[in-house]
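What follows is a set of notes on a single structure, which appears directly below.
The values are calculated or read from the model by the stated rules, or taken from the named source; none is laboratory data. Keep in mind that this is a model prediction, so the values were computed, not measured. Virtual Cβ from ideal backbone geometry, glycine too; neighbours counted across all protein chains shown.
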Amino acid sequence: MTELLTAETIDQAANCLQNGELIAFPTETVFGLGAVAENEAAVAKVFQVKGRPSDNPLIVHIGQAEDIFNYAIPNKEGDALIKKLSDAFWPGPLTMVVPIAEGTFPKNVTGGLNSVGIRFPDNEDTQALIRAVGKPLVGPSANLSGKPSPTTVDHVYHDFSGKIAGILASQPSRIGVESTVLDLTNPNQVQILRPGYITEEMLRTAIPDLNVSTVSLTDLESADRPKSPGMKYRHYSPRQEVIAVAPNQITDYVLAHKENKRLGVMAPKSYLQAMGSGIISYVIKDSVEDAMHNLYAGLRYFDDQEAIDEIVVIIYPDIEDNKAYRNRLTKAASQVVE
Ligand code: TXA
Ligand code: MG
């Protein structure tokens, strides 16, 4: 039985976690699959129910910003940077990868790395849950490995009903894609390992002297020992092939293919109208924020329909603000047309 828990039953949720069970929790990015980070057996269950590759480390979620200093190895320069970033962006969609001493967390949390990703999420019920447990929680996205991440309670039920102890209920996730993962192991040269809502520009605005760059996907995927192991795996994929198509080509693409394939199309209304009948549509507003907010919900909507052969999704141009959306969509897609 997977129980639906609420702000009123947080103590029950905390109890389950303390007993080594799994509870999914809402965050502003996507829902996480929670287990007590220091409980190696509970963390092992997370990998097992998700079907997650064991070399992909987990993010540790804390209930108050200053708790990061309980884990990061003290370092004058690094600590000052963590403080500035946490003042500017926490609680929020930023994960800080910091150096830790061996044995700080079980090996299955860190994948054997000497660093850990830490995040203070912006959902008050989840913060209250972590504080009630009194220990940080691991929280990979609460989806079966390889599938689109969950942005609603229904998505979590769909993948894990009967397999986890409970879900802390809430509204859909506000942002819709996972946090920005920022590597702070060298404070003089920090690197975005996974783009997210927090952009390079936002980081530079908050901390003008910050030396920040984004690791390219090819670097991440080809390195012998990938910096962010998670980035090398296929992700966010429904059963059907996904084709990402630029705004100025998507209407023609659909008109050219809709006769011989049953298409699911995710695009703003004006584009869908120009494509006519004979497609299954998922409407979004014409903005990258709304596309990002709905990407996983749209992919899941199509995934569940036998009557769709191929999914076509609008992709926006390669500018700073569109990086997180493009990163997730191109990882889900087998072809990009632009
Ligand atoms: O928004 C989010 O971050 C969500 C919510 C639930 O908080 N969580 C999430 O977790 O996306 P997950 O496990 O799906 O993604 C964790 C990412 C992976 O790409 C992993 O490789 C990277 O963070 N990561 C974790 N620890 C790392 C480390 N020590 N060094 C480099 N990358 C790390
Ligand atoms: Mg994930």
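From (1) assigned to a loop (DSSP other than H, G, I, E, B); (2) hydrophobic (A, V, I, L, M, F, W, C); (3) touching a His at 6+ places or on another chain (Cβ under 7 Å), pick out the condition that doesn't hold for L144.
L144 satisfies every listed condition except (3).
Can you tell me which condition R52 does not meet? The list is (1) closer than 19 Å to D183 by Cβ; (2) in contact (Cβ under 8 Å) with a residue 40 or more places away in the chain, and all the others hold.
R52 satisfies every listed condition except (1).
Restricting attention to the stretch 316-330, and to residues there that are surrounded by 14 or more Cβ atoms within 10 Å (Cβ to Cβ) and not basic (K, R), which single residue is nearest to Q249 (Cα to Cα)? Break it down into steps so the answer makes sense when it comes.
Of all residues in the stretch 316-330, those surrounded by 14 or more Cβ atoms within 10 Å (Cβ to Cβ) come to 316, 321-330.
The next check asks that each one be not basic (K, R); those that pass are 316, 321-322, 324-325, 327, 329-330.
Numbers: Y316: 11, D321: 21, N322: 18, A324: 21, Y325: 18, N327: 20, L329: 17, T330: 16 Å.
For the stretch 316-330, the residue satisfying everything is Y316.
What strands (runs of 3 or more DSSP E), lying completely within the stretch 172-216, carry at least 2 residues that are free of Cβ contacts under 8 Å to residues at least 24 places away in the same chain? Full working, then the answer.
Numbers: elements: 180-183, 190-194, 212-214.
Correct list: empty, since no element meets the threshold.
Scan the stretch 17-46 residue by residue and report those that are over 20 Å from P121 (Cα atoms) and hydrophobic (A, V, I, L, M, F, W, C).
A41, A42, A44
Would you mind telling me which numbered condition in (1) modelled with pLDDT of 95 or more; (2) crowded, with 18+ Cβ neighbours inside 10 Å; (3) under 27 Å from L182 (Cα atoms) A333 fails?
(1)
One line per residue, one yes/no per condition, for (1) part of a helix (DSSP H, G or I); (2) within 11 Å of ligand 1 (Cβ to nearest atom); (3) over 27 Å from L17 (Cα atoms):
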site: A41; (1), (2), (3): yes, no, no
site: F47; (1), (2), (3): yes, yes, no
site: D55; (1), (2), (3): no, yes, no
site: V60; (1), (2), (3): no, yes, no
site: G63; (1), (2), (3): no, no, no
site: L81; (1), (2), (3): yes, no, yes
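Would the stretch 104-121 turn up any residue that is among the hydroxyl-bearing types (S, T, Y) and farther than 30 Å from S161 by Cβ?
Among the residues of the stretch 104-121, at least one is among the hydroxyl-bearing types (S, T, Y) and farther than 30 Å from S161 by Cβ, which makes the answer yes.
Rundown of residues vs (1) within 16 Å of ligand 2 (Cβ to nearest atom); (2) more than 25 Å from C16 (Cα to Cα), yes/no style:
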position: M96; (1), (2): no, yes
position: P99; (1), (2): no, yes
position: P106; (1), (2): no, no
position: P140; (1), (2): yes, no
position: G146; (1), (2): yes, yes
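If a residue has to be free of Cβ contacts under 8 Å to residues at least 12 places away in the same chain and either in a loop (DSSP other than H, G, I, E, B) or in contact with a strand residue (DSSP E or B) (Cβ under 6 Å, 6 or more places away or on another chain) (or both) to count, how many in the stretch 13-23 make the cut? Give the steps one after another, and end with the answer.
Initial filter on the stretch 13-23 (free of Cβ contacts under 8 Å to residues at least 12 places away in the same chain): 15, 19.
From what's left, either in a loop (DSSP other than H, G, I, E, B) or in contact with a strand residue (DSSP E or B) (Cβ under 6 Å, 6 or more places away or on another chain) (or both): 19.
Looking only at that region, the number is 1.
Need pairs with beta-carbon distance below 7 Å; first residue away from ligand 1 (no atom under 13 Å from the Cβ) and within the stretch 83-108, second part of a strand (DSSP E or B) and of a type outside the set (S, T, N, Q); sequence gap 6+ or separate chains.
L85/L94; L85/M96
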